[in-house]
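This report concerns only the one structure given below.
The values are calculated or read from the model by the stated rules, or taken from the named source; none is laboratory data. Treat the numbers as computed from the prediction; the structure is a model and nothing was measured. Virtual Cβ from ideal backbone geometry, glycine too; neighbours counted across all protein chains shown.
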Amino acid sequence: MRHPQYTGLFIALFGKGVVHWATLFSVALFPVIVLIYVWLAYREKQQVIARFGDTYREYQGQVPMFIPRWGQWRKPWSKRQLSDGIRIHRVECAALAVISTPTTEGPTHNRVGV
């Protein structure tokens, strides 16, 4: 999946704030947080598409955004799939570098208190 850290955050917030220690505030805030992170993911996607174009669009078609495809991990990998996976991993690393690079437009979402 393209955003495993966001998916992990959603699961943790749901477990802690909605199931384990449910308050009116935490239950009401959970969908707001999810919507903000989904919006953030789409915003990051636009930056990466602008930088990598069709290569990232191809990656998007192969890798789901938040929820892994059921059973896809069980399929044996052929040499072609392995080389595609390595190429996709390179795109992921490059995309992460683009997203986490500070701009002159001001603080980014991942720079707290700066």
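Quick look at the numbers
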read-out: Residue in the stretch 38-56 that is small (Gly, Ala, Ser) and outside any helix (DSSP H, G or I) present; value: yes
read-out: Test result for residue 81, modelled with pLDDT of 90 or more and surrounded by fewer than 14 Cβ atoms within 10 Å (Cβ to Cβ); value: no
read-out: Members of the stretch 22-41 that are among the polar types (S, T, N, Q) and closer than 18 Å to residue 8 by Cβ; value: 26
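The rows are residues; the columns are (1) more than 18 Å from the chain's Cα centre (by Cα); (2) at pLDDT below 90.
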position	(1), (2)
19	yes, yes
34	no, no
50	no, no
88	no, yes
95	no, yes
